[in-house]
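Q: Let me begin by handing over the structure; questions about it come next.
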Amino acid sequence: MLHIDIPTVAEFRDLAQLRAQFCVSLYMPTSRLGEDSKANRTLFKDLAKQALAQLSEASADKRVIEAFEQRFEHLVGGQHDPDQDKVRQRQRAKPDESLAFWHHQGNGLAVLAGPETLRTFRLAETPKPLAEVADRLHLTPLLRAMTSRQDAFVLALAEESVRLIHVFANLPPSRVWVPGLPKNAEEATQRPSFHVRAPRDHLQNLEGEKVLLHQYVQKVDHAVRDTLRGHTAPLILAATEPLASMFRAICDYPELAEEIIEGNSDQSTDSVLEEQAIPILDRSTTREIRDLIARYDELKPRRGTTDVSYAAHAATAGAIEQLLVDFDAVVPGLVSDIDGSVTYAASDDAEVYSVVDEVARRALCTGARVLAVSRDQLPERAPLAAILRYQFI
């Protein structure tokens, strides 16, 4: 099983607002295999040493460096050198607890440490190794986990049965209880047989079946609509015609996926439907990125830009509507809190942070749709591409 932890938007904003003299952000690829837990821990220790070295180079107080070091050692757990301080040993996690954490990993790990806190997020994506020290946390790689679709609802709609399933990229599917959802078409139409082959209350033959099907689909839509109210995960329909077209014609759920799972869903298990739904999620994200780039091409240069400095000005003014950022990009510098002007740095150290990360942070906190993508997916392989709400001067 792939173990992941995805922060909510509220959690991300709390992390984005954290300011301190020193914050440490560590990102690393991990192996999901339990037998590779030692290698995972070793890579983390190497990155932690890099961060501690940056703190030392920035002339951080010795007590500050020791505090970060203790929290990192606490997370590492396991066996330690006998010469290490006994007080620190008592403060560390129990070996079995720490080793269990490293035994259950995803494809990547984020470790975000402030003056008194340490948060970990296991990621489905594979980030490049990174040790970043600044007065704020580095969050762009975490955006990738937040903006990638990790779950969806599947509505398995057939004449014989209907069910709503919550599917995940890393967990077994879960059946969703839907109040008022009919068991099948016959129950929805209150008829012993859904198929009408003789005149009955002005309903007959194929025309009568179509009317009854509409009644069935309407009841399903009403029940599902109430259950999904407030959700933002995509809804993927698994159905055959004419049920698929009927449901799509009346469903107003904003995240109804364009692509459907074809075939009689009554003959598919929840697990099979999950296996068919996850690739649809991936293709949906790819289409969204493609559509954003096409829109950028239409709006540039007045309302579309790949210029980092211009994007920083726009993000500070809340003028960015949509933003694509390279999740691996680190452009060292500083961004003014007043007007968004950028001062670039020759090297990345504890005195500066990533300008691209700061643009993404400000855009997200002002309501922009932000997607973290690879450099190859961005126009001109730029570190970012921004679509503005209006022409910004």
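We did not get these values from a lab; they are worked out from the coordinates using the rules stated. What you see is a predicted model; the values in this text were computed from it and never measured. Cβ sites come from the backbone with ideal geometry, for glycine too, and all protein chains shown count toward neighbours.
Q: So between Ser59 and Arg302, what do we pick up on full extension, going 0.36 nm a residue minus the alpha carbon distance?
A: Contour length minus the Cα-Cα distance gives 83.1 nm.
Q: Still on this structure, I have one more. Which whole-angstrom value gives the distance between the alpha carbon centres of the stretch 344-393 and the stretch 1-45?
A: Value for the Cα centre distance between the two parts: 21 Å.
Q: Next question. Using the Cα centre as the reference, give the magnitude of the dipole from point charges on the C-beta atoms of the chain (Lys, Arg: +1; Asp, Glu: -1; all else neutral), rounded to the nearest 20 debye.
A: Once rounded to the nearest 20, the dipole reads 460 debye.
Q: Here's another thing I want to ask about it. Among the listed pairs Lys49/Lys128; Lys45/Lys128; Lys128/Lys300, which have their C-alpha atoms separated by more than 26 angstrom in this model?
A: Exceeds cut-off: Lys128/Lys300.
Q: Any chance you could list the semi-axes, whole Å, largest first, of the equivalent ellipsoid that the Cα gyration tensor gives for the stretch 300-388, using √(5λ)?
A: Each semi-axis is the square root of five times an eigenvalue, giving 18, 16, 11 Å.
Q: Enter the Cα centre distance for the pair the stretch 208-281 and the stretch 63-77, rounded to the nearest angstrom.
A: The distance from the Cα centre of the stretch 208-281 to that of the stretch 63-77 comes to 50 Å.
Q: Now for a different question. Could you rank the peptides 342-350, 376-384 by their average count of other C-beta atoms within 10 Å per residue, with the highest value first? Please report the intermediate quantities before stating the final value.
A: Details: 342-350: 14.1, 376-384: 16.0.
Result, highest mean first: 376-384, 342-350.
Q: Putting +1 on Lys and Arg Cβ atoms and -1 on Asp and Glu Cβ atoms, find which of Ala346, Thr126, Tyr216 reaches farthest to the positive end of the dipole of the chain.
A: Tyr216
Q: Also, I was wondering about something else. Going by C-beta contacts inside 10 Å, put Tyr296, Tyr27, Tyr390 in order with the fewest on the left. Walk me through the numbers on the way to the answer.
A: On the way: Tyr296 20, Tyr27 26, Tyr390 11.
Listed from fewest to most nearby Cβ atoms, that is Tyr390, Tyr296, Tyr27.
Q: Using the Kirkwood formula over every pair of different C-alpha atoms, what hydrodynamic radius in Å results for the stretch 320-361?
A: Kirkwood radius, the stretch 320-361: 10.9 Å.
Q: Between Ala346 and Gln391, what FRET efficiency comes out of the Förster formula 1/(1 + (r/R0)^6) with R0 = 41 Å and r the beta carbon distance, rounded to 0.05? Working shown, then result.
A: On the way: r = 33 Å, r/R0 = 0.80.
Efficiency at R0 = 41 Å is approximately 0.80.
Q: Cα gyration tensor of the stretch 212-265, axes a ≥ b ≥ c as square roots of the eigenvalues: rounded (a/c below 1.5), prolate (a/b > b/c) or oblate?
A: Oblate is the answer for the stretch 212-265, as a/c is 1.5 or above yet b/c matches or exceeds a/b.
Q: Follow-up question, since we're still on this one. Treat the count of other C-beta atoms within 10 Å as a stand-in for reagent exposure and order Met146, Met28 from fewest to most.
A: Arranged by neighbour count, lowest to highest, Met146, Met28 become Met146, Met28.
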